[in-house]
Amino acid sequence: MKKSKVIVLTGASSKIGYELSLALGKAGYRLILQYHSNQEKINFLSKELEKLGTDAKFFKADFTSSKELGKFIEFSKEAFGEIDCLINNASFWPNADKI
């Protein structure tokens, strides 16, 4: 049986990243999902992906730290032994509360 492709998606806990995670899970991809701080949303996403039978790995990282970025890269390389696609969706909104 051929294994599905592995997609790394940053910024998976909200908005586009969250919806994209679900869509990719439904399509049968194996996922490596990065999030920064929204643990409650990631817990819900994890349960939804589990219901779909999606093989997903989660990693909490703050990409303003090069150390954490390095740990995420190593985690991603080790998670499934291969990476087929990177979707860099992570963002930083310093004044989001003022929008």
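Figures for the structure shown
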| read-out | value |
| --- | --- |
| Options L22, L45: the member that is assigned to a helix (DSSP H, G or I), touching an Asp or Glu at 6+ places or on another chain (Cβ under 7 Å) and at pLDDT 95 or above | L22 |
| Number of the exception - G17 against (1) open to solvent by less than 40 Å² (accessible area, probe 1.4 Å); (2) part of a helix (DSSP H, G or I); (3) out of contact with any Gly (no Cβ under 6 Å at 6 or more places or on another chain); (4) not hydroxyl-bearing (S, T, Y) | (3) |
| Any chance F63 is in contact with a helix residue (DSSP H, G or I) (Cβ under 7 Å, 6 or more places away or on another chain) and not β-branched (V, I, T) | yes |
| Subset of the stretch 22-34 (residues that are open to solvent by less than 50 Å² (accessible area, probe 1.4 Å) and out of contact with any strand residue (DSSP E or B) (no Cβ under 6 Å at 6 or more places or on another chain)) | L22, G25, G28 |
| Single condition G53 does not satisfy, out of (1) open to solvent by less than 70 Å² (accessible area, probe 1.4 Å); (2) more than 12 Å from the chain's Cα centre (by Cα); (3) at pLDDT 95 or above; (4) farther than 17 Å from K3 by Cα | (4) |
| Long-range neighbours under 7 Å by Cβ, at least six apart or interchain, first residue in contact (Cβ under 8 Å) with a residue 24 or more places away in the chain and farther than 15 Å from L20 by Cβ within the stretch 40-61, second surrounded by 12 or more Cβ atoms within 10 Å (Cβ to Cβ) and of a type in the set (S, T, N, Q) | F59/Q34; A61/Q34 |
| Sole exception among (1) open to solvent by less than 20 Å² (accessible area, probe 1.4 Å); (2) farther than 17 Å from C85 by Cβ; (3) within 10 Å of the chain's Cα centre (by Cα) for A12, by number | (2) |
| Hey, G70 open to solvent by less than 80 Å² (accessible area, probe 1.4 Å), assigned to a loop (DSSP other than H, G, I, E, B) and under 16 Å from I83 (Cα atoms) or not | no |
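The values are calculated or read from the model by the stated rules, or taken from the named source; none is laboratory data. Bear in mind that the values here come from a model prediction, so they are computed numbers and not experimental data. In this analysis, Cβ positions are derived from the backbone assuming ideal geometry, glycine residues included, and neighbour counts consider all displayed protein chains. Areas reflect the complete protein model, heavy atoms only, side chains present, ligands, DNA and RNA absent. Shrake-Rupley method; radii C 1.70, N 1.55, O 1.52, S 1.80 Å.
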